[in-house]
Structure formats: C-alpha cells, structure tokens
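Note sheet for the following structure.
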Amino acid sequence: MELIPTAWSVISASMVFLLGALISIKISMRFRVRQRRSLILYLWHTVFCFVYMFYVASSGGDALMYFDSSLHGSVDLALGTSVVLYITRLMNHGLGFSILGVFLVFNIVGFIGLLALDGALRYSAEGKSLWVRRTASALVFLPSISFWSSAIGKDAIAFASVGLALWAAIDMRRRFFLMMLAVALMLVVRPHMAVLLSSALAISVMLDSRVSIPRRGAMGIVAIAASVFLVPLVIGTSGLDSVGGIGAVGDYVEMRQGYNMDGGGGIDIGSMSLPMQMFSYLFRPLPFEANNIPSLAASLDNVILLGLFCCAGWGLGRGKWNLVGANWIFMLTYVLFSWVLLSSTTANLGISVRQKWMFVPMVIFILVSILGVRRDAGPLFRIR
C-alpha cells in the first residue's frame, strides 16, 4: 500500500499534522500543561504514530484492516468497529486523505488523552519531593501509551476517553460535562466500558456525603435510566444475548478466555485464579517472555509499572502517604471493575497490552498519588 500516493496526500497530511500542533498549543493550559511541554508531547506521540503506521504497512494489523475496509462498500453506522470505519471512510472518501492522513487524525485524538494524563499526573505529584515529580513527569513518555493510542482504531478514542475522565475526576463539580464527554467517547467504541464508567460515576456520587439526599436520588434515577439504555445495548453488541440466559454467562466467560489462544501472545487464563489473571493482564509479558520487538518494548513498560506498584505498596505499608483532591471512589471503582472484567475474559497478551490502557492511566495516577507526602499536608487519606 502506498502511504502517500498523491501530492494531495502530502498536503493534507501536513495540514493535519500542523492542526494537531496548533491544538496542542491552544488546549495545553486547560490541562495546566505548559505550551512547550504540550508541543513536545505531541511530537513524541506523533513519532509513534509513524512507527505504528510503518509497522502495520509491513506486517499488517487492525489499523490496515480498518483503512482497507473503509475503501470498499458501504459502512453502517453502529457502535464499536463501525464507528472507526465510518470515521476512516469520511476521511479517505470525503476529504481524500491517504492512510497517513487518517493515522494523523487518530493521532490527535490519542494525544488529547495523553495531554490530559500528563496534567493529571503533574497534579498528583504537586507539592511532593523532586523524585516523585520527575517520576510523574516521565511516566507519560512510556512508549506503550503513545504507540497504542496513535493509530487508526478504537484504542485512540478509548484512551482519550479515559484520559478526559481522569482529568474530570480531579474536580468533578467543575468538569462534570467533560466527564459526560468521556463517557460518550467510550460508548461509541467500547460500550461495555462506558457502562463501567457510568456505574463508577453513579456509585461515587451516591456515596458522597457532601451531596444532598435529593441529588443522590436524582443521580440514582439517572443511573437507572442509563442502565436501561446501555445494558441491553452492551448485551447485544457483546454477544451475551446468545448465551441462553444468566446461567450461561459462565460459559460465555470461558468462551472468551479461549479466544486468540493460537498466537504467540496466548496464555491459558482459564485455569488461573482471579489474582493471577489480574497480575498477568496488568504486568505480563515480562522481559523473559518477550518473543519479538513489540512485546519486548511492552515488557519493559510492564517492569516500570510493576516497580511503581511496588513502590506505592511500600509507601502504603509505611503509612507515609496522602490522597487528596480527587474523586477516589470513582477511580477506584472503575479500576477494580475494569481490571476484574478484562483480566477474566482476555487470554491473549497481545490484546491485553492494548486494552489495559482503558484503565491503567487511573492506576498510574493512584500509584503516583500514594508516593511521597505533600509538603502542605501530613499523612492523610481522604476520599472525595
């Protein structure tokens, strides 16, 4: 496949790239990130966009499938894969973009999630020691984050959603509409994760003692109404409607655990305990399990994530930590629900290294928040 088949392909791709640079400068202060740093993050993210594009051009992949499929036939607008195909078709048929131009469009979407994550991590390390601030500043440069969120596909949109949700959770009262946008973005590509976001949000509000009882009741009504709409939608799109009732859900989970077991990333999680499933999903592959360059890169990120997890655990054990200034019930609920659901239904490490970024940004935020003690506050655990 030609990446830049015409002169317009070069011009349009250049315009999209410059648009992304302009967006990075214009919205940086909304996430309390300096313009220079925002531009550096955009360039860093774009580098991985090119790496991903050349990788799929030579080795194949979902991104290439999305682009090829959008070129032929009609696309019915529906949740999930169809949304990506529709956007891709709009770009290549409506605007004449090449695969490079479409990649750069999704790159901008993923970058917005990265910028939101950077702002959140900088907030979590504010007032702490230099090593904590530098750690928080460096974590957004983990290659896996930018690699998986820079390509044509659902991952870029899902990552933008969780990044915006994380930023909104820091100040939910002022950023409630941003949270709604995050849920909407997740809904169009991963409906089941949108249900988890909505459920975690409803639980956090209903358990917040600062919220009046009438408002809690209103939130409960909204949550029920959302469930009436979203749950049947998720059941239909996930295939649960064909399992033959609630009693067959266990069979459905076992079936999901057997998917994609033939590739090099396949592991048998059906015989594992839930804690081992969760560990494997979040921290594997480890370096000694890597069998190619992409899996080796992912394993190095996993080592860093595991080290961060251990450091935070050490801080919890010593009692020298404080969590302030965010909706922790929302984040902890969403992380727990997502981690359990995804780890118990995914058998392939190649899938987990992509899809875990639908909740790992919140995991990183929580871990960084645990590290160190703010200079303006003593050890304190306060859920808000």
Inter-probe distance in nm under a simple model that places probes 7 Å from Cα toward Cβ, at ARG173 and THR6 = 5.4
Quote the FRET efficiency, to the nearest 0.05, computed for ILE23 versus SER273 with a Förster distance R0 of 41 Å and r equal to the Cβ-Cβ distance.
-> 0.35
Can you tell me the FRET efficiency between ARG32 and ASN291 if r is taken as the Cβ-Cβ distance and R0 is 41 Å, rounded to the nearest 0.05?
-> 0.50
In order over the range 283-290: 3J(HN,Hα) from phi, Karplus 6.51/-1.76/1.60, θ = phi - 60°, whole Hz, x for each Gly or Pro, gives 10, 10, x, 8, x, 6, 9, 5
How would you rank 47-59, 360-372, highest first, on the average number of other Cβ atoms within 10 Å across their residues?
-> 360-372, 47-59
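Only the coordinates and a few stated rules stand behind these numbers; no lab work does. None of the values given here were measured: they were computed from a predicted structure. Counting neighbours? That spans all protein chains shown, and the Cβs are built from the backbone with ideal geometry, glycine included.
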